[in-house]
Every structure is written in structure tokens, then in C-alpha cells.
1. I'm checking my understanding of the structure. Among residues of the stretch 89-112 that are buried (at least 22 other Cβ atoms within 10 Å of the Cβ) and touching a His at 6+ places or on another chain (Cβ under 9 Å), which one is nearest to His321 (Cα to Cα)?
2. Against the conditions (1) over 30 Å from Asp81 (Cβ atoms); (2) at pLDDT below 95, where does Leu313 fall short? Just the number, please.
3. Under 8 Å between Cβ atoms, at least 6 apart or on separate chains: pull out the pairs that start in the stretch 247-263 with a residue that is touching a residue at least 12 places away in the same chain (Cβ under 8 Å) and end on any residue that is small (Gly, Ala, Ser) and surrounded by 12 or more Cβ atoms within 10 Å (Cβ to Cβ).
4. Which count do you get for residues in the stretch 1-56 that are under 26 Å from Gly170 (Cβ atoms), assigned to a helix (DSSP H, G or I) and free of Cβ contacts under 8 Å to residues at least 12 places away in the same chain?
5. Could you run through the stretch 22-34 and say how many residues are more than 12 Å from Thr163 (Cβ to Cβ) and either among the charged types (D, E, K, R) or touching a Phe, Trp or Tyr at 6+ places or on another chain (Cβ under 7 Å) (or both)?
6. Please determine, by comparing only the residues of the stretch 308-323 that are over 17 Å from the mean Cα position of the chain (by Cα) and either free of Cβ contacts under 8 Å to residues at least 24 places away in the same chain or surrounded by fewer than 18 Cβ atoms within 10 Å (Cβ to Cβ) (or both), which one is farthest from Arg339 (Cα to Cα).
7. Take the residues of the stretch 59-80 that are over 24 Å from the mean Cα position of the chain (by Cα) and in contact (Cβ under 8 Å) with a residue 12 or more places away in the chain: which is farthest from Ala103 (Cα to Cα)?
Amino acid sequence: MKLNDLMNHTSEWLKGTGPNSDIVISSRIRLARNLDKYPFPHWAKKEQSQEVNLTIEEAKAKVDFLKNTTTFQLAGMDAVDKQFFVERHLMSYEHAQRQDSKAVIIDDEEIISIMVNEEDHMRIQVMQSGFNIFEAWNIINRIDDALSQQLSYAFSSEWGYLTCCPTNTGTGMRGSVMLHLPALVMTRHINRVLAAIAKLSFTTRGLYGEGTQASGNFFQISNQVSLGHSEEEIIDNINGLIRQIIEQEQQARESLVHQNRAMLEDRVNRSFGILKSAYIISSQETVELMSMLRLGSDLGMIKNIGRRTVNELFIVTQPAHLQKLENRKLTQQERDVRRASLIRERLKI
């Protein structure tokens with residue numbers, strides 16, 4: 001697989017399928033793992049990081065679950081290509097910054113990605129569309145077991161898996177779910193929900209994870225603590241919390257439809273109208289308007305525009321994707337013009 005092949009592929013997290021996919025965009029499990037004979041990446045010398053990279057690549061070749069994967073080395077990679085991976089949620093923004101001895105391993109379906117020499121030697125990630133946290137865990141557990149047969153992990157019988165960040169020590173696991181919660185925002189109940197989440201030792205971030213703010217009514221919720229909890233406990237806790245949030249969002253949507261339908265239809269159709277007619281549009285405005293379009297599609301207020309179409313527009317209108325489509329670097333104004341043109345083309349009905 002070549003990097004440009006991904007332009008014609010729909011990321012797993014954007015397929016709009018799976019349980020509760022009208023509210024849950026994606027489910028993700030991430031495992032932090034380190035090799036026991038090497039310093040953590042931030043303290044490793046260049047030669048040691050290169051050896052870790054090679055060791056993981058050799059191990060990957062022996063794991064059946066990773067046969068259909070491609071390794072992309074970040075050294076010398078164009079900044080747009082690195083941002084392209086970030087936009088597709090295949091690697092973190094932090095991973096794109098320092099490129100020496102770093103890599104990202106991606107499977108053909110964009111379900112599996114492994115960041116090599118990020119904060120830890122490996123950040124293994126599995127994503128599923130919709131509310132599929134258990135399926136994501138089943139997949140990543142098998143991959144982790146297979147890799148552990150080839151690699152010697154840094155592990156303590158007292159503390160569990162040793163990681164660079166203490167909050168990951170223990171299982172090394174972070175589960176996260178991406179939610180679309182426009183009704184809770186519109187009914188002004190979202191702050192109460194987020195406050196309750198924080199009290200339960202969960203954290204809320206934006207569309208692109210750590211360091212990003214929620215925008216377009218998208219919220220990424222994940223566990224904060226790994227130490228002292230088993231993988232099953234963490235997943236059960238996430239599952240229970242997300243089910244409650246889904247129920248509250250459903251109730252908020254029903255309330256809006258029955259009590260404020262005219263206002264809701266106005267918001268949805270105004271957003272649709274701007275998206276269909278704008279000739280210049282920023283990335284931020286696009287996300288906000290697309291959020292309302294997605295809600296309108298899910299509620300049947302917008303016909304002939306499916307959830308998958310809206311989801312795909314979220315990704316192809318991002319800066320790096322626009323530049324990959326044009327096969328050249330674009331100024332911000334050029335991106336805003338091309339973004340508007342692309343949206344008009346895709347929303348013709």
C-alpha cells in the first residue's frame with residue numbers, strides 16, 4: 001500500500017456503521033508498550049531508537065494479524081503527508097513533530113495503526129466505527145498477545161506495563177469513544193454531562209485528541225487512569241458511561257424535535273444552505289456546519305445525504321487532504337476556496 005492509496009479509501013472510523021453510529025462516531029483502544037532493554041524514546045540515543053524501530057519491524061513480519069500492513073518511516077516525510085496521517089487519526093500530532101527513527105504501521109483497512117517511538121516504543125491502536133469498544137478490544141488483545149511472543153516488554157509484577165507517562169502504567173490501555181452530541185450542546189446540558197464525566201476519572205478532548213478542544217459538537221471521551229484496573233474493568237466502565245451519554249443525547253434530540261422543531265429545522269437547513277452555496281469556507285466553520293447537517297441527516301430532516309457522505313466530508317476538507325487532492329501546497333485562502341468547491345460538488349442533490 002502506498003500513502004496516496006489512502007485518498008481513495010474510507011477510514012474505518014468514518015464509515016458511519018456499527019451500533020449507535022448516529023451518536024458514536026468511533027471506538028478506539030490504544031495500548032502503550034515498551035521494550036525492556038531500551039530507554040524510553042525521550043531518553044534513547046539515536047542508535048537505540050533506530051534499533052527499536054528495526055526490532056519492531058522484524059517482529060511485525062512474524063505476526064499474522066499484521067501481514068496486511070505497511071510501515072511508513074517518518075524521516076524525510078513531507079509535512080503535508082505527516083499531517084495527512086494525523087487527520088486520518090492514524091498517528092498523533094506529537095508523533096509528527098520529531099521524525100528521527102519514527103514510523104507508523106498501518107493496515108489496509110485503517111483499523112490498525114502502530115506508532116513506533118512516539119512517547120512509548122509502541123502505541124498500538126485499533127479503531128472501529130460506531131459503538132464497538134468490545135470488538136476493538138478483541139482485535140487489539142490478539143495483536144498484543146502475538147507481538148508479546150516476538151518482543152520482550154518492559155513489565156513489572158508490581159506495577160504492570162511500564163510506560164513513559166505514569167498515568168498509562170498498569171495495563172497501558174486507553175479506551176476512547178468519539179461522540180457527536182449536538183442536542184446536548186443545543187439544550188445546554190453538555191456542561192453538566194462533562195462535569196460528571198470528569199468526576200468519574202474520564203477526560204474529554206476534541207476531534208484530534210490530546211491538546212485539542214471540542215468543536216462541531218464532537219467530544220472524545222477516554223479513561224484517565226490505567227494503574228490499578230484490569231482491561232476488562234476499564235472497558236466495562238467506558239461502556240457503562242457511554243451508554244448513559246447516548247441515552248441523554250437521544251432524549252435531548254427527542255426533546256428538540258417535539259418542543260423546538262421549527263428552530264431545529266431552521267438551524268439544519270441554514271447550515272445546509274451555506275454549505276451548498278459558499279465559495280469560501282474555513283475548516284472550523286465547515287466542522288460546525290457539518291455537525292448540523294449530520295444531525296439533520298440522522299433525524300431525517302435532510303434527504304438524500306447519508307451519514308457516510310457527511311463523515312467523508314469531515315476528512316477530505318481537512319487542510320492536508322485538500323493539498324493531497326490538488327497534489328500541491330495551498331495557501332490558507334486557496335484551501336478555503338477549494339474546500340467550498342469540494343463541498344458544493346459532494347452535496348449536489
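1. Val104
2. (1)
3. Glu249/Ala183; Ala252/Ala183; Arg253/Ala183; Ser255/Ala183; Leu256/Ala183
4. The qualifying residues number 1.
5. First, pick out the residues of the stretch 22-34 that are more than 12 Å from Thr163 (Cβ to Cβ): 22-29.
This time we only want the ones that are either among the charged types (D, E, K, R) or touching a Phe, Trp or Tyr at 6+ places or on another chain (Cβ under 7 Å) (or both), so: 22, 24-29.
Looking only at that region, the number is 7.
6. So in the stretch 308-323, the residues over 17 Å from the mean Cα position of the chain (by Cα) come out as 309, 322-323.
Adding the requirement that they be either free of Cβ contacts under 8 Å to residues at least 24 places away in the same chain or surrounded by fewer than 18 Cβ atoms within 10 Å (Cβ to Cβ) (or both) leaves 309, 322.
Values: Thr309: 15, Leu322: 7 Å.
Going through the qualifying residues, I end up with Thr309.
7. Within the stretch 59-80, the subset over 24 Å from the mean Cα position of the chain (by Cα) is 59, 61-64, 76.
Retained after the next criterion (residues that are in contact (Cβ under 8 Å) with a residue 12 or more places away in the chain): 59, 62-64, 76.
Values: Ala59: 14, Lys62: 18, Val63: 18, Asp64: 20, Gly76: 11 Å.
By that ranking, first place goes to Asp64.
Results for (1) assigned by TED's automatic domain parsing to the domain that holds Asn168; (2) within 26 Å of Val225 (Cβ to Cβ); (3) buried (at least 18 other Cβ atoms within 10 Å of the Cβ), shown as yes or no for each residue.
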position: Ile23; (1), (2), (3): yes, yes, yes
position: Arg30; (1), (2), (3): yes, yes, yes
position: Pro41; (1), (2), (3): yes, yes, yes
position: Thr70; (1), (2), (3): yes, no, no
position: Val80; (1), (2), (3): yes, no, no
position: Phe84; (1), (2), (3): yes, no, yes
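The values are calculated or read from the model by the stated rules, or taken from the named source; none is laboratory data. Values in this document were obtained by computation on a predicted structure and should not be read as measured data. Neighbour counts are summed over all protein chains in view; Cβ atoms, including those assigned to glycine, are modelled from backbone coordinates with ideal geometry.
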